[in-house]
1. Given the criteria surrounded by 12 or more Cβ atoms within 10 Å (Cβ to Cβ), under 26 Å from Ser137 (Cα atoms) and near ligand 1 (Cβ under 10 Å from one of its atoms), does Pro10 qualify?
2. Condition test on Phe58, is it aromatic (Phe, Trp, Tyr) and under 22 Å from Leu105 (Cβ atoms)?
3. Output the helices (runs of 4 or more DSSP H) that fall wholly within the range 65-148 and possess 1 or more residues being among the hydroxyl-bearing types (Ser, Thr, Tyr) and more than 10 Å from ligand 1 (Cβ to nearest atom), or say none.
4. Restricting the range 123-148 to residues that are within 16 Å of ligand 2 (Cβ to nearest atom) and touching a residue at least 60 places away in the same chain (Cβ under 8 Å), which is nearest to Val81 (Cα to Cα)?
5. For residues that are basic (Lys, Arg) and more than 25 Å from Phe64 (Cα to Cα), scanning just the range 20-43, find the one that is surrounded by the fewest Cβ atoms within 10 Å (Cβ to Cβ).
6. Could you grab me the full set of residues in the range 70-111 that are in contact (Cβ under 8 Å) with a residue 40 or more places away in the chain and surrounded by fewer than 15 Cβ atoms within 10 Å (Cβ to Cβ)?
Amino acid sequence: MERTFLAIKPDGVQRGLVGEIIGRFEAKGFKLVGMKLMTASRELAEQHYGVHKERPFFAGLVDFITSGPIVAMVWEGDGVVASARKMIGATNPLNSEPGTIRGDLAVNVGRNIIHGSDAVETAQQEISLWFKEEELSAWTPSLTPWIV
Ligand code: ABT
Ligand code: MG
């Protein structure tokens, strides 16, 4: 089953958007299989954004992403990598369609509230960068109603 790495960035946590964002992926029908609130080290952030190492915004990006707690998550489901990117919206929130997370909740490309892996292969690399195998839970949704 396909998995992706999503992270609510420090601005999303500070703005109290954790519940709103998680709710969208739950409502869509994806399954949460890993989650932790953590402040990333510089080393971890630099590895995560390694492809942007030479870009002028790299140092500021690492400063931002390590500036406070983030909610690191792994979500599972058919086509979850591409679907989550679609739900997140374009990198620059001013270009993100209304109805997407960034389109509805953000305005600044350097403060775009959530990260999502951009391809299945990247997702696998990011999941193993951020999570140990034992931190992930394989579970099957129960068909028994929880409230009778
Ligand atoms: P991420 O999910 O954070 O990787 O964003 P996304 O994949 O949509 O976009 P990319 B290109 O990977 O951007 C990485 C982070 O760099 C920021 N950024 C990007 C800038 O600040 N200026 C720029 O010109 C570009 C291209 C946006 C992303 N994160 N933040 N925060
Ligand atoms: Mg990216």
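Derivation of every value follows stated rules applied to the coordinates shown; laboratory data play no part. Computed from a prediction, not measured in an experiment: that's the story for all the values here. Please note: Cβ atoms are built from the backbone with ideal geometry, for glycine as well, and neighbour counts cover all protein chains shown.
1. Answer is yes for this residue.
2. Spelling it out, it is not the case that Phe58 is aromatic (Phe, Trp, Tyr) and under 22 Å from Leu105 (Cβ atoms).
3. So the answer is 80-88, 120-130.
4. Ala123
5. Across the range 20-43, the extreme among qualifying residues is Lys28.
6. Those that are in contact (Cβ under 8 Å) with a residue 40 or more places away in the chain and surrounded by fewer than 15 Cβ atoms within 10 Å (Cβ to Cβ): Asp78, Gly79, Gly110.
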